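Chemist: Pasting a structure here, questions to come.
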Amino acid sequence: MDKSMFRKEVLARRKEIYCADTDAKIIEQFLDSDLYKNADWIMAYVSFGTEIYTHDFIKKALADGKHIVVPICNIEDHTVTLSELINFPEDLEEGHYGILEVRAECMRIVDPKKIDLVMVPGCAFSPSGHRMGFGGYYDRFLETVSDDCITVALIREDFIFDKIPMEEHDKSVQFMVTEKCVNCCPIQEA
């Protein structure tokens with residue numbers, strides 16, 4: 001299965017069937033979960049396009065007293081720098097790829113080892129937690145978190161496939177939250 005063609009088809013389908021109500025159900029499932037309740041330092045992506053909408057989640061988490069950390073993409077080497085987000089959306093501006101990132105004067109650098117939970121974006125996932133992302137940023141980043149950091153995908157049920165194209169460097173997630181449930185992923189070999 002050709003990975004780039006599969007990604008293109010998935011993204012086109014995601015655009016066709018996008019539903020804000022489904023996103024809200026997924027966020028509600030996550031907020032009700034022990035995964036969220038037990039995490040203090042949460043790395044959240046600031047949603048873009050047809051990704052699961054995280055803006056309201058970020059506002060709620062900040063109001064709940066959670067430490068929210070967001071990524072800044074370094075396009076030169078495809079790495080990620082982390083910054084704590086205090087004021088949403090005031091601390092943000094449009095960055096690389098049109099994604100909202102922390103403004104330089106609002107940067108509060110955070111060590112990846114401090115993160116309790118990472119919300120991992122992706123195009124598609126398998127029931128075992130295998131993930132197809134967008135360009136390798138998170139695969140590299142997940143190498144830098146502590147061993148006890150929890151990885152969670154927020155994903156619509158329609159984008160969980162029996163099998164997805166995987167490469168050796170692709171990182172899987174431990175949990176998936178959908179509009180229907182929270183699943184622990186029995187990680188298997190790709």
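Chemist: Taking the alpha-carbon centroid of each part, what is the distance from the stretch 27-80 to the stretch 128-145 in angstrom?
Modeler: The distance from the Cα centre of the stretch 27-80 to that of the stretch 128-145 comes to 15 Å.
Chemist: Over the stretch 1-111, calculate the relative contact order: mean separation of alpha carbon pairs under 8 Å at least 6 apart, over the residue count, as a percent.
Modeler: 19 percent
Chemist: Ile150's amide H: which non-local residues (gap 5+, or another chain) put their own amide H closer than 5 Å, with H modeled 1.01 Å from N in plane and none for Pro or chain starts?
Modeler: Correct list: Leu117, Val118.
Chemist: Tell me the mean residue ellipticity at 222 nm calculated for the chain from its helices only (DSSP H runs of n ≥ 4, each -39500 (n - 2.57), averaged over every residue, nearest 500).
Modeler: Mean residue ellipticity at 222 nm (helix-derived): -7000 deg cm²/dmol.
Chemist: With just the Cα atoms of the chain, tell me how far they stretch along each of the three principal axes, in Å, largest first.
Modeler: Principal extents (largest minus smallest coordinate, Cα): 44, 38, 35 Å.
Chemist: Sticking with this structure for a sec: Express the C-alpha Rg of the stretch 1-52 as a ratio against the empirical globular expectation 2.2 N^0.38 Å, rounded to two decimals.
Modeler: Taking N as the residue count of the stretch 1-52, the ratio is 1.45.
Chemist: Could you give the dipole magnitude of the chain about its Cα centre, charging the beta-carbon of Lys and Arg +1 and that of Asp and Glu -1, in debye to the nearest 20?
Modeler: Rounded to the nearest 20 debye, it is 300 debye.
Chemist: Each residue of the stretch 153-165 in order: what ³J(HN,Hα) in whole Hz does its phi give by Karplus 6.51 cos²θ - 1.76 cosθ + 1.60, θ = phi - 60°, with x for Gly and Pro?
Modeler: 9, 9, 8, 6, 3, 5, 10, 10, 10, 4, 9, 10, x
Chemist: Trypsin sites (Lys or Arg not before Pro) within the stretch 54-96: which are DSSP loop residues with at most 14 other Cβ atoms inside 10 Å?
Modeler: Those that pass, being in a loop and sparsely packed, number zero.
Chemist: So how much slack lies between Asp111 and Glu93, counting 0.36 nm per residue of separation and subtracting their Cα-Cα distance, in nm?
Modeler: Gain in length upon complete extension: 4.3 nm.
Chemist: Once you wrap a convex hull around the alpha carbon atoms of the stretch 107-162, what is its projected area averaged over all directions, in nm²?
Modeler: Over all viewing directions, the stretch 107-162 projects a mean Cα-hull area of 4.6 nm².
Chemist: Another question, if that's okay. Using a Debye calculation, one point per C-alpha and no hydration shell, please list log10 I(q)/I(0) for the stretch 68-129 at q = 0.13, 0.17 Å⁻¹ in order.
Modeler: Taking Cα atoms of the stretch 68-129 as identical point scatterers yields -0.40, -0.66.
Chemist: Order of 157-170, 22-35 by packing, highest average Cβ count within 10 Å first?
Modeler: Top of the packing list down: 22-35, 157-170.
Chemist: Of Lys59/Lys114; Lys8/Lys113; Lys59/Lys180; Lys25/Lys114; Lys66/Lys180; Lys66/Lys171, which ones are farther than 31 Å apart at the Cα?
Modeler: Lys8/Lys113
Chemist: While we're looking at this one, here's another question. Under a no-solvent Debye model with one identical scatterer per Cα of the stretch 28-124, what's log10 I(q)/I(0) at q = 0.11, 0.12 Å⁻¹?
Modeler: For the stretch 28-124, the Cα-only Debye profile gives -0.30, -0.36.
Chemist: Turning to a different aspect of this structure: Over the stretch 67-190, what percent of the accessible surface lies on carbon and sulfur atoms, probe 1.4 Å?
Modeler: Accessible surface attributable to carbon and sulfur in the stretch 67-190 totals 49 percent.
The values are calculated or read from the model by the stated rules, or taken from the named source; none is laboratory data. Predicted model only: the values in this text are computed from it and were never measured. Here Cβ is always computed from backbone atoms with ideal geometry, including for glycine, and neighbour counts include all displayed protein chains. Note: accessible area is taken over every heavy atom of the protein model, side chains too, but ligands, DNA and RNA are not part of it. Shrake-Rupley method; radii C 1.70, N 1.55, O 1.52, S 1.80 Å.
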